[in-house]
Amino acid sequence: MRLLATEMARLPIGRFAPSPTGELHLGSLTTALASYCHIKSLGGQWRLRIEDTDTLRCSPLSSNQILKDLTALGLHWDGPLLYQSERTSIYNDYLSQLTALSYGCDCSRAALKDYAERHPLSTAVYPRLCLKRQLNRHQHKLRLQLPNYQIGFLDGIQGPQWQNPQTLQGDMVVRRADGIINYILAVSIDDALQGITHVMRGLDIMPMTCAQIAIMQMLGLSAVNHWYHLPLVLNPFGQKLSKQNLATPIDTSHPSDLLAQALRLLNQPSVDLDTPERMLAQAIEQWTLEPLLGQQQLI
Ligand code: GLU
């Protein structure tokens, strides 16, 4: 069947966008699995994007392991695989549209800490010390003036959200002095260029969503229209599982058991133990957001 352009535009497209600073753990696996099942239950496509702009923290070894693990689990992505590390010139092109709203900044962490101690009443995330200094944009980090008004979005799991990007994020660093592009700029551009309609990711990223929406608006990029921030898997100390707190990497030598475990964590109806592909087909069929609604953690 041939689709008209307007019908194609409505095709639901979701994505999984891991940063390869380490291997997948149970937390990132639940994000991958939930975003996959959800978009497939809507008859859509699931894209994969490797968010490796931070070349100092990311490694090709981790990227390759993530691809192997997803494949072993039957989580096959649609369309081309994107590596953000290959897209720096695209991000810089978009940044050049934001010249009027961005500025160079050489404030060190220590200088900002010192400022905060001397101005205890200041509530600004970044007190705009460099706003008027006209520092070279390429020799220093680049900050973007985020708007100072409320932006609302309806989160399909957490409910309606209102956030002020300036209050939450201040003038965000969008490019570091070493040229590395900040996550939120890259994600805003790529979600639009990949035609993503449904973003499903961890709740820890929700405070940045209004900044993402603001950046997409500033760049005239079509916005994602469905947002979902998933409850987090916590370790026994109540911390989000992450590479920083040494979350155990997943072991895909028994992929079906692992899928069953992750589906249980997501409080989904149980699936019959079978090949990963058949288990996923059943999980998609049964997929429901109901047990996740309003939840902040998965236990
Ligand atoms: N790359 C981010 C991470 O691995 C996720 C970004 C997103 O889903 O928007 O935490």
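The values are calculated or read from the model by the stated rules, or taken from the named source; none is laboratory data. None of the values given here were measured: they were computed from a predicted structure. All Cβ positions, even for glycine, are placed from backbone atoms using ideal geometry, and neighbour counts span all protein chains on display.
What to note about this one:
- Qualifying residue in the range 228-239 (condition: modelled with pLDDT of 95 or more, more than 28 Å from ARG57 (Cα to Cα) and not in a helix (DSSP H, G or I)): no
- Checked against the criterion of being of a type outside the set (Asp, Glu), in a loop (DSSP other than H, G, I, E, B) and over 19 Å from HIS25 (Cα atoms), the candidates SER270, SER253 yield just one match: SER270.
- Residue among LEU73, LEU61 that alone is away from the ligand (no atom under 12 Å from the Cβ), crowded, with 23+ Cβ neighbours inside 10 Å and farther than 19 Å from VAL199 by Cα: LEU73
- Taken over the range 256-267, the criterion of being outside any helix (DSSP H, G or I) and within 23 Å of TRP77 (Cβ to Cβ) is satisfied by LEU266 alone.
- When the range 273-299 is filtered for residues that are of a type in the set (A, V, I, L, M, F, W, C) and either assigned to a helix (DSSP H, G or I) or surrounded by 14 or more Cβ atoms within 10 Å (Cβ to Cβ) (or both), the ones remaining, listed by number, are MET279, LEU280, ALA281, ALA283, ILE284, TRP287, LEU289, LEU292, LEU298.
- Some residue of the range 144-158 being surrounded by fewer than 19 Cβ atoms within 10 Å (Cβ to Cβ) and under 26 Å from ILE90 (Cα atoms): yes
- For the range 175-184, a residue qualifies if it is on the phi < 0 side of the Ramachandran plot and more than 12 Å from the ligand (Cβ to nearest atom), and the qualifying residues are ARG175, ARG176, ALA177, ASP178, ILE180, ILE181.
- Only one of ILE205, ILE215 that is within 12 Å of the ligand (Cβ to nearest atom) and either surrounded by 15 or more Cβ atoms within 10 Å (Cβ to Cβ) or assigned to a loop (DSSP other than H, G, I, E, B) (or both): ILE205
- Within the range 284-299, residues that are closer than 19 Å to LEU75 by Cβ and free of Cβ contacts under 8 Å to residues at least 24 places away in the same chain sit with their Cβ atoms under 9 Å from residues that are β-branched (Val, Ile, Thr) and in a loop (DSSP other than H, G, I, E, B), at 6+ positions apart or across chains, in these pairs: GLN286/VAL271.
- Residue that is farthest from ASP78 (Cα to Cα) [pool: residues in the range 163-202 that are among the hydroxyl-bearing types (Ser, Thr, Tyr) and part of a helix (DSSP H, G or I)]: THR167
- Helices (runs of 4 or more DSSP H) wholly inside the range 18-104 that include at least 2 residues being within 30 Å of LYS132 (Cβ to Cβ) and free of Cβ contacts under 8 Å to residues at least 60 places away in the same chain: 88-95
- Subset of the range 1-22 that is more than 9 Å from the ligand (Cβ to nearest atom) and modelled with pLDDT of 95 or more - its residue that is nearest to the chain's Cα centre (by Cα): GLY14
- The set of residues in the range 105-142 that are without any contact (Cβ under 8 Å) to a residue 24 or more places away in the chain, surrounded by 14 or more Cβ atoms within 10 Å (Cβ to Cβ) and in a loop (DSSP other than H, G, I, E, B) comprises CYS107, PRO127.
- Selection within the range 30-58 - among the basic types (Lys, Arg) and under 19 Å from GLY195 (Cα atoms): LYS40, ARG47, ARG49
- Residues of the range 143-162 satisfying the condition of being in a loop (DSSP other than H, G, I, E, B) and under 30 Å from LEU298 (Cβ atoms): GLN150, GLY156, ILE157, GLN158
- Scanning the range 225-234 turns up at least one residue that is buried (at least 22 other Cβ atoms within 10 Å of the Cβ) and more than 15 Å from the chain's Cα centre (by Cα).
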